[in-house]
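Asker: This is the structure I have questions about; it appears just below.
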Amino acid sequence: MPTQETAPSPTPTGETPLALTRRARRTYRELVETYPYAICELDFTTPLELLVATVLSAQTTDVGVNKVTPEVFRRYPTARAYAEADRAELEELIRPTGFYRAKTDSLIKLGQALVERYDGQVPERLKDLVTLPGVGRKTANVVLGNAFGVPGITVDTHFGRLARRLGWTGEDDPVKVEHEVAALIPRKEWTMLSHVLIYHGRRLCHARKPACGVCPIAALCPAYGEGETDPAKARRLAKYELAEGAPWPERLGATPSGLAARWAEVTG
């Protein structure tokens, strides 16, 4: 009796899995060329500092966190210092980051857990990190990738939004997004992938109105056209080092043309 071949799982865009993988990797290469300087935008010098900064970054901006962490790090240089922190004092220090009572609770319990279970050191394994108070997979992957050099995918709001717009996943759950994207990109690239996708989301591919008209990956994006396609108007939507008035990278200056044809060519 002949065996029946199993059809490959459908992709969000209807591409074959191979075509999706090729497009994802090409998109990643384009983003690395656009943002070769992409790094974690939280300031830190030690794994503990990065862990604390990442906990503080929930529901606020990295810029806002970087304004308060110099004093936080000065007053609390060790896990034991957090474990023994005066709650009112710590709350006042981190108040500008929002949800400061819950974050204070997490930091104190985090310090206690590190002292009790890991001799005050930040563990270097995902399965250990996610057992710590206030630490989920996103925070753990930030710490692993940027403090310990262990590849990890950080699925924040920007990463998830772009992964769906690019048709890499149809999932909303961050863990499912992480796993589906991980299957497309080589493991050694996961940390840089996180950086460039987050950079792109903050600078051009905004939630409400993406700057499609100056997007370096427009020809590779099935969501092209959801945002502003006029290059001049799109240019005004750029933020951070790409903001209007800043030097504009030459490779982003060409008016997108023939995008539909290029998209068909890329996806084959």
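The values are calculated or read from the model by the stated rules, or taken from the named source; none is laboratory data. Quick caveat, the model's predicted, so the values are computed rather than measured. A quick note on method: Cβ atoms are made from the backbone with ideal geometry, for glycine too, and the neighbour counts reach across all protein chains shown. Note: areas computed on protein heavy atoms with side chains; ligands, DNA, RNA excluded. Shrake-Rupley method; radii C 1.70, N 1.55, O 1.52, S 1.80 Å.
Asker: How about the range 215-233: which of its residues are farther than 23 Å from GLU41 by Cα and in contact (Cβ under 8 Å) with a residue 24 or more places away in the chain? First the steps, then the outcome.
Answerer: Our first condition is that a residue be farther than 23 Å from GLU41 by Cα; within the range 215-233, this holds for 218-233.
Those that are farther than 23 Å from GLU41 by Cα and in contact (Cβ under 8 Å) with a residue 24 or more places away in the chain: ALA218, ALA219, LEU220, CYS221, PRO222, ALA223, TYR224, GLU226, THR229, PRO231.
Asker: Also, quick follow-up: In the range 144-166, which residues are open to solvent by less than 20 Å² (accessible area, probe 1.4 Å) and hydroxyl-bearing (Ser, Thr, Tyr)?
Answerer: Across the range 144-166, the qualifying residue is only THR154.
Asker: Further question on the same structure: Check off (1) of a type in the set (D, E, K, R); (2) without any contact (Cβ under 8 Å) to a residue 40 or more places away in the chain; (3) open to solvent by less than 40 Å² (accessible area, probe 1.4 Å) for ARG187 and give me the number that stays unchecked.
Answerer: (3)
Asker: Looking at (1) open to solvent by less than 30 Å² (accessible area, probe 1.4 Å); (2) among the hydroxyl-bearing types (Ser, Thr, Tyr); (3) under 8 Å from the mean Cα position of the chain (by Cα), can you tell me which one THR169 breaks?
Answerer: (3)
Asker: What about HIS158, is it free of Cβ contacts under 8 Å to residues at least 60 places away in the same chain, closer than 26 Å to TYR224 by Cα, touching a Cys at 6+ places or on another chain (Cβ under 9 Å) and not in a loop (DSSP other than H, G, I, E, B)?
Answerer: On the way: free of Cβ contacts under 8 Å to residues at least 60 places away in the same chain: yes; closer than 26 Å to TYR224 by Cα: yes; touching a Cys at 6+ places or on another chain (Cβ under 9 Å): yes; not in a loop (DSSP other than H, G, I, E, B): yes.
In short, yes.
Asker: When only residues in the range 213-233 that are out of contact with any Lys or Arg (no Cβ under 9 Å at 6 or more places or on another chain) and small (Gly, Ala, Ser) count, which is modelled with the highest pLDDT?
Answerer: Going through the qualifying residues, I end up with GLY225.
Asker: I would also like to ask the following. Any idea which of (1) part of a helix (DSSP H, G or I); (2) out of contact with any Ser or Thr (no Cβ under 6 Å at 6 or more places or on another chain) is the one GLY145 doesn't satisfy?
Answerer: Among (1) part of a helix (DSSP H, G or I); (2) out of contact with any Ser or Thr (no Cβ under 6 Å at 6 or more places or on another chain), GLY145 violates only (2).
Asker: If we scan the range 21-39, do we find a residue that is of a type in the set (A, V, I, L, M), in contact (Cβ under 8 Å) with a residue 60 or more places away in the chain, surrounded by fewer than 16 Cβ atoms within 10 Å (Cβ to Cβ) and not in a loop (DSSP other than H, G, I, E, B)?
Answerer: yes
Asker: For HIS179, only one of the following conditions fails: (1) open to solvent by 20 Å² or more (accessible area, probe 1.4 Å); (2) in a loop (DSSP other than H, G, I, E, B). What is its number?
Answerer: Every condition holds for HIS179 apart from (2).
Asker: Out of the residues in the range 221-235 that are open to solvent by less than 70 Å² (accessible area, probe 1.4 Å) and in a helix (DSSP H, G or I), state the one that is farthest from GLY201 (Cα to Cα).
Answerer: Looking only at the range 221-235, we keep the residues that are open to solvent by less than 70 Å² (accessible area, probe 1.4 Å), and these are 221-223, 225, 227-232, 234-235.
Filter once more, so that each one left must be in a helix (DSSP H, G or I): 231-232, 234-235.
Working: PRO231: 18, ALA232: 19, ALA234: 14, ARG235: 15 Å.
Looking at the filtered set, the residue picked out is ALA232.
Asker: Separate question: Looking only at the range 236-257, filter to residues that are modelled with pLDDT under 90 and open to solvent by less than 40 Å² (accessible area, probe 1.4 Å); which one of those is nearest to the chain's Cα centre (by Cα)?
Answerer: Looking at residues that are modelled with pLDDT under 90 and open to solvent by less than 40 Å² (accessible area, probe 1.4 Å), I get LEU242.
Asker: Still on this structure, please answer the following. Among the residues of the range 46-88, write down those that are modelled with pLDDT of 95 or more, under 25 Å from HIS200 (Cα atoms) and not in a helix (DSSP H, G or I).
Answerer: SER57
Asker: Could you tell me which of the residues GLU189, GLU180, GLU244 is charged (D, E, K, R) and under 19 Å from THR11 (Cβ atoms)? Quick ask: steps written out before the conclusion?
Answerer: Working: GLU189 fails: under 19 Å from THR11 (Cβ atoms); GLU244 fails: under 19 Å from THR11 (Cβ atoms).
Result: GLU180 is the single residue among GLU189, GLU180, GLU244 that is charged (D, E, K, R) and under 19 Å from THR11 (Cβ atoms).
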